[in-house]
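Heads up, the thing below is written out as structure tokens.
Taken together, the values in this text are just the output of simple stated rules run on the coordinates, not laboratory data. On a predicted model such as this, the values are computed, not experimentally measured, just so you know. A quick note on method: Cβ atoms are made from the backbone with ideal geometry, for glycine too, and the neighbour counts reach across all protein chains shown.
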């Protein structure tokens, strides 16, 4: 009996000490710093899920449009946010006005002669924007068929990217860019280039916009 007890006691003590040690010891957890490029300290440019954010010298343009997917509305609102942060009533330093930053000449071409009335009329601004897209699509209709889906100067060419670039620099300059294989490009007064617009607005579904030579604003 004594021999059995003397053999059992050490086993019991080892069991108790082992259990106690598991209760008091915390598992070791490796603490790693979140990679700098994955930290979100400030708003970053996320215009379209298919586009990579441009980072030059670790600095990206601060643009945070509403995320509405790849629909026409997503395209429209992302472009508007880039132009004016979606403000219908703004006029920039160069005289471009409204949510989509139209110039006076473009507005006259679309039949708008009263700039003041246009600036305070959001419904009219939306109609003019859509009509201008239709007109640009008609001008670029052959180029859309020819170049959409191809890669030029490292860019994936898409219909929505072409229409956005036409909004920035005119359909004629988009034609020159495509037909020169990227040799001809244009920048606006703020430094935004035609090729930049083609990149960040690529891949949206703008099939709702029909190519019309002389669209009417109803």
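Between residue 210 and residue 105, the modelled labels are 3.0 nm apart [label points 7 Å from Cα along Cα→Cβ]. A full extension of the chain between residue 115 and residue 71 corresponds to an added length of 12.9 nm, given 0.36 nm per residue minus the alpha carbon distance. Distance between the pseudo-spin-label points of residue 184 and residue 150 (7 Å out from Cα toward the beta carbon): 1.5 nm.
Can you sort 120, 128 by how many other beta carbons sit within 10 Å, fewest first? Numbers along the way, then the final one.
On the way: 120 11, 128 23.
Taking fewest neighbouring Cβ atoms as first place, the list is 120, 128.
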